[in-house]
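**Student:** I'd like to ask you about the structure that follows.
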Amino acid sequence: MIRQQLAEWVVQAADAAQEAGELAFDVLPAFEIETPRNPQFGDYAANLAMLLAKQARRNPREVAEAIRQRLPEDAFAWVERVEVAGTGFLNFYLKPDWAGAVVRHILQRGTRYGDLALGAGKRVQIEFVSANPTGPLTLGHGRNAAVGDTLARLYAAAGYAVEREFYINDGENSTQIRNFALSVLTRYRQLLGEPAEMPEDGYHGEYVKEIAQGIRDQYGDSFAQGDPETVLKRFEQIAKQQMLEEQARDLADFGVRFDRWFSEQSLYDSGAVQATLEMLRARGYAYEHEGALWLKSTAFGDEKDRVLVRANGMPTYLAADVAYHRDKFERGYDLMIDLWGADHHGYVARMKAAMAALGYDPNRLHILIYQLVNLFRGAEPVRMSKRAGEFITLREVMDEIGTDALRFFYLLRSHDSTLDIDIELAQEQSEKNPVYYVQYAHARICSIERTAAERGVALPDPETTDLSVLTHPAEIALVKRLADLPDEIALAVRHDAPHRLTAYALEVARAFHGFYTECRVLGAEPALQAARLLLTQATRITLARTLGLLGVSAPERMERAEES
């Protein structure tokens, strides 16, 4: 809130200096509003002058002084003074009563604190998870789900109209689905005592046996009789549907919902794939070579052209993906975000090229690549699932450590870096466990409020309470962190970086625990007690909102939290 407002005032001042002929520049560079490590350099500092000096052809300190002189009068409602320091920093010193203004603002906004009008209602579609319907969701899919869902929550908080979508990879040309169906059919025949062997690329997890047993229980022992291709189709439809239902259940229990489940096969059924290929031909970006149809993706920076239809007439996965993204562009979204696994890194350039070839602006498509997740139990790596065989399922880890802990741990690091999760740490009830540490701060505040009620201490009126008494360094440090939530939401959206929210939640919890240690709330002098009760209430609101954006609960009671 404060950083964003200070940044706006600095921009206004630079523009005013330009209009007055005191500064010359073409475009203002991106700059930061920082918190100086040494309090003697102010509460906040802007580095714009150093970045602008080259364009302005002026000494950075001269640029800073020109900006300082043109700061709008509104700025001095909160700002006591502004100084030019060092190589050209603008150091802002806030008025003593600014902390009270922040607390009042948070209390007034309540559960909507942090909401922004950044998106102005623009439509954003986020496509994530999109796992093949051939097995349970994996530990990696869980990271995709946590990142995608949190991004959706953040974009909604920033004022965008958000739609969540799951793309079902169920095209008839999918060799994976065919092998999955063959695997289930083989296990079914084995249950009947027939000498059936698993296909070379078959699925060997226990879940395949479970599906086969379910088919036998429901349909009996004659379900595999008849034309082999018809039988395989029959098994494919049932197995695929069961896996989709299981994936949907797991995601729902993980706090993830989708507005649309989009079938790849529907693109073939509607003729969208063929229409897209014809459009690429007409625009001169699809050509035939050695019997295959190729996308001329090198025309848009890809390292080589890509096959759309094989020489045997079978479309590649790329053909349907291009048709799918064409469909998304035609739906009129202002921005589309795809979240793909690390093994899809090479597809980014070809998909962007395909959209450009179709005449769309590829900058409207953001493709985020998330990296692998490693699971540990203490120092020992966990590599195998009893049910899935060769991989660890989301359900197993979710059931063992809980949705809250797993979502928080998934978001501790940027999606583009490898992540290690320690099951033992995630289960530990101590300050070493980051999610426990944050949730405990919220529960501790709820405990304070319950104790106050038991003692007959009512929550004071924020409009009439004197908040200027909030001057202790621990109080000021806490209010500064609380004031940062709107800025953190804006930065997380601008950089597609939901992990910023876990770091922010930890900072707020750390600041609150520090305040709690140094500043008595209940039992303090009456005026101070009233102000501190409102500060703790503002902290509770901020923590609950931050945890909500992460898809993590904000418990009112936890072990060790019952204290005042």
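Every read-out reported here was derived from the displayed coordinates using simple, explicitly stated rules and does not represent laboratory data. In this text the structure is predicted, and so the values were computed from the model without any measurement. Here Cβ is always computed from backbone atoms with ideal geometry, including for glycine, and neighbour counts include all displayed protein chains.
**Student:** Which whole-number percent gives the relative contact order of region 1-85, counting Cα pairs below 8 Å spaced six or more residues apart?
**Tutor:** Dividing the mean separation by the residue count of region 1-85 yields 33 percent.
**Student:** Give the residue list of trypsin sites (Lys or Arg not before Pro) in region 420-495 that are DSSP loop and have at most 14 other beta-carbon atoms within 10 angstrom.
**Tutor:** Answer in residue order: 432, 455.
**Student:** Right, here's the next one. Could you pull out every residue, at least 5 positions away or on a different chain, whose amide H is within less than 5 Å of the one on residue 308? Hs are placed 1.01 Å off N in the peptide plane, and Pro or chain starts have none.
**Tutor:** 293, 294, 295
**Student:** Let me ask something else about it. Quick one: helix 317-330 against the long Cα principal axis of the chain, what's the angle to the nearest 10°, folded into 0 to 90?
**Tutor:** That helix lies at roughly 50 degrees to the long axis.
**Student:** Relative to the longest principal axis of the chain, what angle (0 to 90°, nearest 10) does the C-alpha long axis of helix 347-357 take?
**Tutor:** Relative to the chain, helix 347-357 is tipped by roughly 90 degrees.
**Student:** Here's something else I'd like to know. Given H placed 1.01 Å from N in the peptide plane, which residues other than close sequence neighbours of residue 337 have an amide H under 5 Å from its amide H?
**Tutor:** 125, 126, 127, 366
**Student:** Next question, about the same structure. Which of the lysines could be linked to residue 240 by a straight reach, that is with a Cα gap under 28 Å, when you skip same-chain ones fewer than 8 residues away?
**Tutor:** Leaving aside lysines fewer than 8 places away in the same chain, those within reach of residue 240 are 209, 328, 386.
**Student:** Need the list of lysines near residue 95 for cross-linking: C-alpha distance under 30 angstrom, and skip anything on the same chain fewer than eight residues off.
**Tutor:** Residue 95 reaches 480.
**Student:** Where does the Debye-calculated log10 I(q)/I(0) of the chain sit at q = 0.05, 0.12 Å⁻¹, using only Cα point scatterers of equal weight, no solvent?
**Tutor:** Treating every Cα as an identical point scatterer, log10 I(q)/I(0) equals -0.29, -1.21.
**Student:** I would also like to ask the following. What is the Å³ per residue value for the convex hull set by the Cα atoms of region 175-253?
**Tutor:** Taking only Cα atoms, region 175-253 has a hull volume of 94 Å³ per residue.
**Student:** For region 298-311, in order, what is each residue's ³J(HN,Hα) by Karplus, 6.51 cos²θ - 1.76 cosθ + 1.60 with θ = phi - 60°, in whole Hz (x at glycine and Pro)?
**Tutor:** 5, 5, 10, x, 6, 6, 7, 6, 10, 7, 9, 10, 5, 4
**Student:** Please list, by residue number, every one of the trypsin sites (Lys or Arg not before Pro) in region 1-55 that is coil in DSSP and has at most 15 other beta-carbon atoms within 10 Å.
**Tutor:** Hits after loop and neighbour filter: 37.
**Student:** Helix 272-282 versus the longest principal axis of the chain: what angle, 0 to 90°, nearest 10, using Cα atoms?
**Tutor:** Approximately 80 degrees, to the nearest ten.
**Student:** Right, something else. Using helices alone, I'd like the mean residue ellipticity at 222 nm for the chain: each DSSP H run of four-plus residues gives -39500 (n - 2.57), total over residue count, nearest 500.
**Tutor:** -15500 deg cm²/dmol
**Student:** Right, here's the next one. Please grab the % of Cα pairs in region 1-124 that end up more than 17 Å from each other.
**Tutor:** 60
**Student:** Output the direction-averaged projected area (hull surface divided by four) of the convex hull of the alpha-carbon atoms of region 99-153, in nm². If you can, show how the numbers build up before the last one.
**Tutor:** On the way: hull surface 24.6 nm².
Result: 6.1 nm².
**Student:** I need to check one value: relative contact order of the chain, counting alpha carbon pairs closer than 8 Å and at least 6 residues apart, in percent.
**Tutor:** It comes to 16 percent, rounded to a whole number.
**Student:** Let me ask something additional. So, how do all the Cα-to-Cα distances of region 215-285 break down into 10 Å bins, in percent, from 0 on up?
**Tutor:** Here the calculated profile for region 215-285 is 15, 27, 27, 23, 7, 1.
**Student:** Could you please state, rounded to a whole Å, how far the C-alpha centre of region 399-457 is from the C-alpha centre of region 148-205?
**Tutor:** 32
**Student:** Follow-up. Say R0 is 56 Å: what FRET efficiency, to the nearest 0.05, do residue 503 and residue 194 get from their beta-carbon distance?
**Tutor:** The formula returns an efficiency of 0.50 here.
**Student:** Same structure, new question: Starting from the 7 Å offset along Cα-to-Cβ, what nm value, one decimal, do you get for the label separation of residue 217 and residue 348?
**Tutor:** Inter-label distance under the simple model: 4.5 nm.
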